[in-house]
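The values are calculated or read from the model by the stated rules, or taken from the named source; none is laboratory data. The model shown is predicted, which means the values in this text are computed figures rather than measured ones. Cβ sites come from the backbone with ideal geometry, for glycine too, and all protein chains shown count toward neighbours. Just the protein is used for accessible areas: all its heavy atoms, side chains included, with ligands, DNA and RNA removed. Shrake-Rupley method; radii C 1.70, N 1.55, O 1.52, S 1.80 Å.
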Amino acid sequence: MANPGGSFSFDIVVFGATGDLSLRKLLPALFLRDAAGQLEPDARILGAARQPLPQAEFRALAAQALDRHLPAGAFDKDVWARFEARLEYLALDVEQPEDYAKLAKWLRLDCGQVTVYYLAVAPRFFGPICRQLGAAGLNLPCARVVLEKPIGKDSASAKAINDAVGAVFPEEQVFRIDHYLGKETVQNLMALRFANSLFEPIWHRGVIDHVQMTVAENIGVEKRGGYYDQSGALRDMVQNHLLQLLCLVAMEPPVAFEADAVRDEKLKVLQALHRIGERDVAIKTVRGQYSAGAVNGGAVPGYAEEVERPETSTETFVVVKAEIENWRWAGVPFYLRTGKRLPQRRSEIVIQFRPVPHLIFPGASRDVVANRLVIRLQPDEGISLHMMAKVPGPGGLRLRQAPLNLSFAETFQDRQPDAYERLLMDVVRGNPMLFMRRDEVEAAWHWVEPILAGWDAQGDAPKHYTAGSWGPSAAIGLIERDGRTWHEDMR
Ligand code: BG6
């Protein structure tokens, strides 16, 4: 299946091939891996979607998508000639058994290679597609099925999806994508914690005061209003991406760098999260919705106008104060924050250390700020450790905070590959480390659900914030009530 040089032979079937995810992320990622020499000459890509489309038109659509979504300078005519020849198209109605018979004709059923079914479709189709694949005998031993988030909209629907998929494919053949886990800097969290002896001894409640995690976006809901309005920021970003980040920061050292060892530790964190229910939802969460404003100098409409539903109460911004009830983290809040139409696209994890226990510098007490480790996930990936230093020169001892900065772009000159490049190749390799196991997804829903129920019971609408601001003022109030502030650049 894989040659020793690290290139792979596979058939990948992309369900929903003409959709946004396929065109924006999957085809460009496969192209870039082809350019890197990781696709064997006989690797093939079959786009499947409902609409009838001549082969040539699908290839033209793919060319257009590459033109739009590849990084500047990444297109290469020779690679395209090779890549184009791999692309085929099948009009497929997910409910029609005859269409799966057509799919069976295209597939190589002898399992001389890996077969990937990538379900880039709405989650309500996950069960039906897997059922049909099973009925057509296409649940081959060499097959892997990839599920895009969201896996359901609550724990019952997630369980129903997992049951339906699990009835056809055993867990080791199921790959649930959370693309944040494929980001280089997110993987770097594990390197930072477990390849350095420096951090682990101070990684606990005795030294750390609190943790902030922000995933800020400046975009709105774009063309995904239909999905987003049913979902909201808590389901769309917190249930998966932010909780996964929290797990990587908070988990115990796994016994080995192996999929289940890592996932076992992440699961324990999810299970230790304090449930936020109806009683404390008002003090431990804030939800907001953007109204018209300006982002990067351009006027933008409010969310309700964008989704054309004046009465919508879907949140586009959320802050949650999460607490982990275990020995390492008791009393150390994790403030999770995410939102759309904020001033910039910026994701950061801030580890805030405790202040020094006693200050020996007379007159400098106001200048001394507790240490902070800032892990920048995007853009401008890197790590800075904010420390106190003496300002040079005579005139008494003056102290100032100064950052020790590691920029990944400067240190490692290589291009940062997109998360999907890594994750697609991991599916082909059969490495599930960066994918969510069934129990993780369900545990994450168990924590999110009471918050959703609390909001429902409260019955009040999300607080408005102007597009281009850092969210409703209540988000600042929530952290300031605890005597803390959001990290400087993002207030
Ligand atoms: C997706 C969400 O999972 O992640 C989107 O559904 C969001 O709403 C996106 O925009 C953010 O991903 P990234 O990689 O741009 O930070």
Seminar exercise, completed: Which residues qualify? For Ala402, with a placed amide H closer than 5 Å and at least 5 residues away or on another chain, they are Met387, Met388, Ala389
Problem set entry | Chain lengthening between Asp93 and Ser313 when straightened (0.36 nm per residue, less Cα-Cα) | 75.8 nm
For this session: Return the FRET efficiency for the residue pair His464, Arg275: r is the Cβ-Cβ distance, R0 is 35 Å, and the value is rounded to the nearest 0.05.
Result: 0.80
Problem set entry | Whole-percent carbon and sulfur share, accessible surface of the range 58-193, 1.4 Å | 53
For this session: Give me the number: length gained by fully extending Ala60 to Ala156, i.e. 0.36 nm times residue separation minus the C-alpha to C-alpha distance, one decimal in nm.
Result: 30.5 nm
Exercise. Among Ala216, Val14, Ala261, whose Cα lies farthest out toward the positive end of the dipole of the chain, if unit charges sit on the beta carbon of Lys, Arg (+1) and Asp, Glu (-1)?
Worked result: Ala216
Exercise. Mind checking the angle between helix 184-194 and the chain's longest principal axis? C-alpha axes, 0 to 90 degrees, to the nearest 10.
Worked result: 60
Exercise. For Arg372, Arg400, Arg415, Arg346, what's the largest-to-smallest order of accessible area, 1.4 Å probe?
Worked result: Arg400, Arg415, Arg346, Arg372
Problem set entry | Mean separation of Cα contacts under 8 Å (6+ apart) over length of the chain, as relative contact order % | 17
Exercise. How large is the dipole of the range 409-474 about the Cα centre if only Lys and Arg carry +1 and Asp and Glu carry -1, each at its Cβ, rounded to the nearest 20 debye?
Worked result: 80
For this session: Can you send over the carbon and sulfur percentage of the accessible area for the range 354-395, probe radius 1.4 Å, protein chains only?
Result: 63
For this session: Compare Val186, Val368 by solvent-accessible area with a 1.4 Å probe and give them largest first, with all protein chains kept in place.
Result: Val368, Val186
Seminar exercise, completed: Checked against a 25 Å limit on the C-alpha separation, the offending pairs among Lys153/Lys223; Lys284/Lys463; Lys159/Lys183; Lys102/Lys153 are Lys159/Lys183; Lys102/Lys153
Exercise. Got the relative contact order for the range 235-325 handy, in percent, Cα pairs under 8 Å and 6 or more residues apart?
Worked result: 26
Exercise. If packing is taken as the mean number of other Cβ atoms within 10 Å per residue, what is the order of 231-237, 450-456, highest first?
Worked result: 231-237, 450-456
Exercise. Residues of the chain: accessible area per residue at 1.4 Å, in Å²?
Worked result: 43
Exercise. What figure in square angstrom, to the nearest 10, would you give for the accessible area of Met387 with a 1.4 Å probe?
Worked result: 70
Problem set entry | Sequence of Arg366, Arg144, Arg224 when ordered by accessible area, the most exposed leading, probe 1.4 angstrom | Arg366, Arg224, Arg144
Seminar exercise, completed: A 1.4 Å probe over the protein heavy atoms gives the range 216-320 a carbon and sulfur accessible-area percentage of 49
Exercise. Given the protein chains as shown and a 1.4 Å probe, how many square angstrom of Ile375 are accessible, to the nearest 10?
Worked result: 10
Exercise. Quick one: how many Å² of Glu148 are accessible to a 1.4 Å probe, rounded to 10?
Worked result: 20
Problem set entry | Inter-site label distance for Ala402 and Val255 at 7 Å from Cα along Cβ, in nm | 4.6
Seminar exercise, completed: Contour minus Cα-Cα span, Arg481 to Asn326, at 0.36 nm per residue, comes to 53.4 nm
Problem set entry | Estimated translational D of the chain in µm²/s (Stokes, Kirkwood radius over Cα pairs; 25 °C; 0.890 mPa s) | 101
Exercise. Using the alpha-carbon centroid of each, what span in Å lies between the range 231-256 and the range 92-133?
Worked result: 30
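Once the convex hull of the alpha carbons of the range 229-337 is built, what does its volume come to per residue, in cubic angstrom? Please list the in-between numbers first.
Numbers: hull volume 15.7 nm³, N = 109.
In the range 229-337, the Cα convex hull volume per residue is 144 Å³.
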